[in-house]
Amino acid sequence: MDENIETLKGIGLTMYEAQAYITLTSLISSNAAEIAENADIPRSKIYDVLKKLVKKNFIDVEDGRPLTYNVKSPVEVLSREKERLNTEIDDTITRLTYIYENGMSQVQAPIWRIYGVEKIIAQELEIIKRAKSSINMRIGFLFENEGEALVKALKNRSDLRINILASPICYINDEKFNIIELFKENDINIQKADIPFVKLIISDSKEMMHTYTKFSEDKRNVIPETAIGIWNKYEDIAKNYDDRFMNQLKKLKKKNKKN
């Protein structure tokens, strides 16, 4: 029951309201005195608690002496609350993202260094989420679990123009990993290219991130603790790199047609 109480508190009920609602889901229909006794709520508090649950549309009340309280189905109530919370969260994301992006545009020197594989991957995913029209990537290596995370994020952005140039394989924990196959089997546009041991993601010709890392002596495995991302929001620089990317892509397509 404790987990249920915490969940109900998380969607806006008080402790007593949660206890009363959970109790009434087993009683189905009851009076205030019985609910108070079974829910371990003081008699002096129970009527106010039930009144608020009625107002929040978790239970119904029938006139009579005494009043009878009827529980509403958890499926109905919690599905409604889940939809409400999702809507509120989506609206908050929209508002805060606008504030965030407006603030980012005011930063005087929009270049940041990002250390750590988890933070680098998280930033790549954020760049994909913020993209309005295009994502271009050069992939010379992948960190553990990074490929799967990128695929999931890109599949959710079918509205974008996506171009990826990548080395055919890399090594993750000494195991050969087929980069091209991973993206192709998920219907994401990718082409084999001669890519050095760096990674580049560009969004809308306005934002980009380079990722660098040291490799083991045999040049197979990345050394994750050495990874660094250079996140750059200078639009002139991002556009320059994007233009170079598109030129490389055109040359590669032309070469492939001849072959």
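Values quoted throughout were computed directly from the atomic coordinates according to the rules given, and no laboratory measurement underlies them. What you are looking at is a predicted structure, and each value in this text was computed from that prediction instead of being measured. Using ideal geometry, Cβ is built from the backbone for each residue, glycine included, and neighbour counts are taken over all protein chains shown.
Quick notes
- Looking at the chain, the DSSP beta bridges with both ends there are about 75 percent antiparallel.
- Estimated inter-spin distance, Asn31 and Asp90, nm [label 7 Å along Cα→Cβ]: 4.6
- Simple point charges give the picture: +1 on the Cβ of Lys and Arg, -1 on the Cβ of Asp and Glu, and for the range 117-195 a dipole about the Cα centre of about 480 debye.
- Alpha-carbon centroid distance for the pair the range 209-239 / the range 1-75, whole angstrom: 56
- Relative contact order of the chain, taken over Cα pairs closer than 8 Å and 6 or more residues apart, is 15 percent.
- Here the peptides 129-135, 16-22 are ranked by packing, the mean other Cβ count within 10 Å, and the order with the highest first is 16-22, 129-135.
- The simple Förster model, with R0 at 30 Å and r as the Cβ-Cβ distance, assigns Lys55 and Ile99 a FRET efficiency of 0.40.
- Here the calculated FRET efficiency for Glu185 and Thr14, from their Cβ-Cβ distance with R0 = 41 Å, stands at 0.25, rounded to the nearest 0.05.
- Based on alpha carbons, the Rg and Dmax found for the chain are 27.5, 89 Å.
- Exceeding the 20 Å Cα-Cα cut-off - candidates Lys132/Lys233; Lys152/Lys253; Lys214/Lys239; Lys219/Lys250; Lys129/Lys233: Lys152/Lys253; Lys214/Lys239; Lys219/Lys250
- Charged-residue dipole, Cβ positions (Lys, Arg, Asp, Glu), the range 111-258 about Cα centre, Debye nearest 20: 900
- Using a Förster distance of 45 Å, the FRET efficiency for Ile169-Asp2 (Cβ separation, nearest 0.05): 0.35
- Unit Cα scatterers, Debye sum, the range 111-258: log10 I(q)/I(0) for q = 0.15 Å⁻¹: -0.73
- Under 5 Å, built H, 5+ apart or other chain: amide partners of Asn221: Ser216
- Full-stretch length increase - Asn256, Arg157 - with 0.36 nm per residue and alpha-carbon distance subtracted: 32.9 nm
- Between Ser73 and Arg113, residue separation times 0.36 nm minus the direct Cα-Cα distance comes to 9.3 nm.
- Dividing the helix sum by the residues of the chain, where each DSSP H run of 4 or more adds -39500 (n - 2.57), gives a mean residue ellipticity at 222 nm of -16500 deg cm²/dmol.
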